[in-house]
Amino acid sequence: MAHVERGMSAPPEVVFNTAIDPDRAAAWLPEPLRQDGGRRPEVVSVEEMRATWYSDSAPDWSAEIRVEAADAGGARVRLDLAGGDVPALAEETLANLAREVDDNLSAG
């Protein structure tokens with residue numbers, strides 16, 4: 001399992017809502033967690049801004065994010081990723097989510 005954190009310059013609610021949007025999941029979740037089609041998180045706590053994804057086709061894989069408020073209106077995202085060779089993939093996964101958040105802000 002890999003644990004990574006990253007700051008984002010978007011409000012925590014925007015980051016969390018982008019992460020749990022099934023239309024955006026394919027752009028940031030690792031391939032093994034996208035194999036079951038449109039990915040909605042299995043466990044969501046809106047109050048805690050926490051969500052977990054699992055895969056029926058790749059049972060060793062899971063991802064959990066937690067989003068917290070950070071300074072200057074930004075967010076801190078923590079990702080726990082379990083599966084194959086995940087340390088580098090965990091960093092890439094958060095970078096992909098950051099791109100989706102930026103795209104979401106630009107579109108809105």
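Can you tell me the equivalent ellipsoid semi-axes for the chain? Use √(5λ) from the Cα gyration tensor, largest first, whole Å.
21, 14, 13
About the Cα centre, and with charges only on the beta carbon of Lys, Arg (+1) and Asp, Glu (-1), how big is the dipole of the chain? Nearest 20 debye, please.
I would put it at about 120 debye.
Just want to confirm a number: the relative contact order over the chain, from Cα pairs under 8 angstrom separated by 6+ residues, in percent.
Once normalised by length, the contact order is 36 percent.
What length, rounded to one decimal in nm, is gained on full extension from Glu92 through to Glu13, with 0.36 nm per residue of separation minus their alpha-carbon distance?
Working: separation 79, 0.36 × 79 = 28.44 nm, distance 2.14 nm.
Extra length from Glu92 to Glu13 when fully extended: 26.3 nm.
Give a residue-ordered list of calculated ³J(HN,Hα) values for the stretch 52-57 (Karplus: 6.51 cos²θ - 1.76 cosθ + 1.60, θ = phi - 60°; whole Hz; x for Gly, Pro).
Computed from phi, the couplings for the stretch 52-57 are 10, 10, 10, 10, 5, 7 Hz.
Calculate the spin-label point distance for Asp56 paired with Val43, positioning each point 7 Å from the Cα along the beta-carbon direction, and give it in nanometres.
In this crude label model, Val43 to Asp56 measures out at 2.0 nm.
Projected onto the charge dipole of the stretch 1-55 (+1 at Lys/Arg Cβ, -1 at Asp/Glu Cβ, origin at the Cα centre), which of Thr52, Thr18, Leu29 gives the Cα projection farthest towards the positive end?
Leu29
Between Gln35 and Asp103, with labels modelled 7 Å along Cα→Cβ, what's the label distance in nm to one decimal, could you check?
With each label point 7 Å from Cα toward Cβ, the separation is 2.3 nm.
For a quick protection proxy, order the peptides 40-48, 11-19 by their average other-Cβ count within 10 Å, most packed first.
Numbers: 40-48: 12.3, 11-19: 20.1.
Descending packing order for the listed peptides: 11-19, 40-48.
Between helix 86-107 and the chain, what is the angle of the helix's C-alpha long axis to the longest principal axis, kept within 0 to 90° and rounded to the nearest 10?
So the inclination is approximately 40 degrees.
With θ set to phi - 60°, apply the Karplus curve 6.51 cos²θ - 1.76 cosθ + 1.60 along the stretch 16-30 and write out the HN-Hα couplings as whole Hz, x wherever there is a Gly or Pro.
Listing the rounded values in order: 5, 5, 5, 4, 8, 6, x, 6, 9, 4, 5, 7, 10, 6, x Hz.
Readers should treat all values here as calculations from the given coordinates under stated rules, not as data from a laboratory. These numbers come from a predicted model, not from an experiment. Heads up, the Cβs are rebuilt from the backbone with ideal geometry, glycines too, and the neighbour counts pull from every protein chain shown.
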